[in-house]
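No lab work stands behind these numbers, since they all come straight from the coordinates. Given the structure is predicted, the values throughout are model-derived calculations rather than measurements. Please note: Cβ atoms are built from the backbone with ideal geometry, for glycine as well, and neighbour counts cover all protein chains shown.
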Amino acid sequence: MAASIVTRFAPSPTGFLHLGHAMSALYAWRRAREAGGRFLLRLEDIDAARCRPEYADAILEDLAWLGLDWDEPVRVQSAHMAEYRGVLDALAARGLLYPCFCTRAAIAREVAAIGNAPHGADGPLYPGTCRRLPAGERAARIARGEVYALRLDTAAALAATGPLTAEEEGEGAFRIDPAPLFGDAVLARKDTPASYHLCVTHDDAVQGVTLVTRGIDLKPATHLHRLLQALMGWPVPRWRHHMLLTGPDGRRLAKRDRAVALRALRAAGRSPAEVRAMAGFPD
Ligand code: GLU
């Protein structure tokens with residue numbers, strides 16, 4: 001018998017769900033339900049400045065209206081900050097994190113001065129300034145109360161794990177190479193004490209997710225996630241990165257495209273079955 005499949009849909013409550021989210025959720029839901037597996041819902045609400053409780057409520061309501069059901073409990077990331085702190089502590093204890101005191105403006109200045117600075121998945125790569133700070137200076141600046149982020153020393157992390165691969169369902173294994181995509185990724189900062197990357201991999205592990213389904217735009221992140229899984233000894237899921245829905249103009253749908261919000265479609269009189277079909281899942 002095939003091992004039971006566990007999938008999840010993990011939206012951030014920063015706006016209303018639209019047709020693109022519906023496609024992603026329906027895909028994960030169908031995969032689990034067809035195989036008699038579990039479908040989980042997780043609210044990724046660690047970015048306190050952008051997330052709002054009313055959007056979290058709307059997500060549950062819209063998904064239920066669409067006809068989806070999920071296995072309880074819904075995991076709400078903001079309720080698990082101590083767990084993420086524990087992961088950061090474990091990585092720090094192995095010397096894999098360093099404090100970075102650079103402001104965004106200082107990094108931008110430094111990158112501009114380099115001229116042809118290498119770009120990664122989220123823009124120019126961090127030039128590694130604070131990785132080279134002497135231990136005494138780090139301690140003194142922390143003692144002075146300077147604000148800092150925690151960055152992963154990616155080269156040290158990769159040296160600890162050795163070469164890695166990840167399994168893309170239907171395509172096979174691909175080689176993991178997070179350095180040119182993220183450089184020394186930020187895993188914690190003052191206003192977001194645990195990054196998306198850290199929380200998502202921790203949660204997929206504790207929730208027993210076996211197949212991570214999400215849009216192709218998040219495929220670069222998988223390189224970093226696979227590295228974190230290897231460092232922490234977490235079970236390794238398979239991945240399925242699906243295509244994104246685009247609007248009539250060919251651009252991918254965004255939360256600002258109000259007309260494709262599930263509640264706008266509902267208010268315009270569309271039925272759940274019609275909206276499922278619009279999202280690529282006709283009954
Ligand atoms: N919370 C992420 C988002 O809304 C998705 C995370 C994931 O599926 O890994 O874009």
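Some observations on this one:
- Strands (runs of 3 or more DSSP E) contained entirely in segment 167-283, each with at least 1 residues that are touching a strand residue (DSSP E or B) at 6+ places or on another chain (Cβ under 6 Å) and within 16 Å of the ligand (Cβ to nearest atom): 186-188, 211-215, 238-242
- Hey, Arg214 closer than 17 Å to Ser24 by Cα, in contact (Cβ under 8 Å) with a residue 24 or more places away in the chain and surrounded by fewer than 20 Cβ atoms within 10 Å (Cβ to Cβ) or not: no
- Cross-chain or 6+ apart pairs with Cβ under 6 Å, segment 129-148 first and more than 14 Å from Leu97 (Cα to Cα), then in a loop (DSSP other than H, G, I, E, B): Arg141/Phe101; Glu146/Phe101; Val147/Lys190
- Matching residues, segment 221-237, being surrounded by fewer than 16 Cβ atoms within 10 Å (Cβ to Cβ) and within 14 Å of Ala166 (Cα to Cα): Pro235
- Hits in segment 115-124 - residues which are surrounded by 12 or more Cβ atoms within 10 Å (Cβ to Cβ) and free of Cβ contacts under 8 Å to residues at least 60 places away in the same chain: Ala117, His119, Pro124
- Of the strands (runs of 3 or more DSSP E) that lie entirely inside segment 4-114, those containing 1 or more residues that are in contact (Cβ under 8 Å) with a residue 24 or more places away in the chain and within 16 Å of the ligand (Cβ to nearest atom) span 6-9, 38-43, 71-76.
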